[in-house]
Amino acid sequence: MCQIKNIEKMDCRDPLTKVTEQLLFSLKHPLQSIVIFLKKRFGFFSQHFNRSDKKNGNINYLKNTASDLKPGDLVKIRSKDQILQTLDKNNKLKGCYFMDEMWQYCGTQQRVLKRVNYFYDEGNFQMRKAKKTVLLQDLHCHGIVSDSKQRCDKHCLFFWREEWLEKIDKTPIQQRNK
């Protein structure tokens with residue numbers, strides 16, 4: 001299961017390449033291509049549910065979230081209770097899924113590897129735009145899906161929303177007081 005879904009679309013490919021890739025995909029995976037068509041055409045499955053969750057107030061955002069994190073910044077991953085406050089009923093925050101493998105890192109200190117501004121969504125063959133999302137050093141998926149007997153061997157880095165992180169200020173006290 002891929003961690004990211006429903007983040008703003010930004011397709012950077014030329015139209016001919018896009019149509020060719022979509023045609024090849026639909027020939028290889030006819031049922032999946034129908035689902036993707038329904039998502040795009042009618043907004044089924046995703047956008048409708050995310051909007052209704054926000055309207056119903058099911059998503060509680062934390063105050064004092066980390067912002068503008070840079071590579072090398074030290075952060076603390078919030079506690080499980082704090083993260084649960086940010087998630088909707090599908091364990092997502094603004095389309096970013098908090099995977100079961102990520103819970104083990106709650107309360108730990110980690111270093112920011114880099115910001116994620118764009119990424120390639122292999123399921124939909126599109127470049128997507130991400131906001132307030134970072135990668136943390138050495139924290140990656142081990143490919144274990146609880147509902148499946150199969151494993152994924154890609155070892156993708158987890159996407160971390162800034163709302164799930166607290167920046168740790170490591171500047172000396174003398175500099176902070178100035």
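The values are calculated or read from the model by the stated rules, or taken from the named source; none is laboratory data. Everything quoted here is computed from the prediction, not taken from an experiment. Neighbour counts are summed over all protein chains in view; Cβ atoms, including those assigned to glycine, are modelled from backbone coordinates with ideal geometry.
No other residue among Lys18, Lys54 is at pLDDT below 70 and either among the hydrophobic types (A, V, I, L, M, F, W, C) or within 24 Å of the chain's Cα centre (by Cα) (or both) apart from Lys54. Contact annotation: residue pairs with Cβ atoms under 9 Å, 6 or more positions apart or on different chains, pairing a residue in segment 96-113 that is free of Cβ contacts under 8 Å to residues at least 40 places away in the same chain with a partner that is in a helix (DSSP H, G or I) and hydrophobic (A, V, I, L, M, F, W, C), are Trp103/Ile83; Cys106/Ile83; Cys106/Trp164. Within segment 89-105, the set of residues being aromatic (Phe, Trp, Tyr), touching a Leu at 6+ places or on another chain (Cβ under 8 Å) and not in a helix (DSSP H, G or I) comprises just one member, Phe98.
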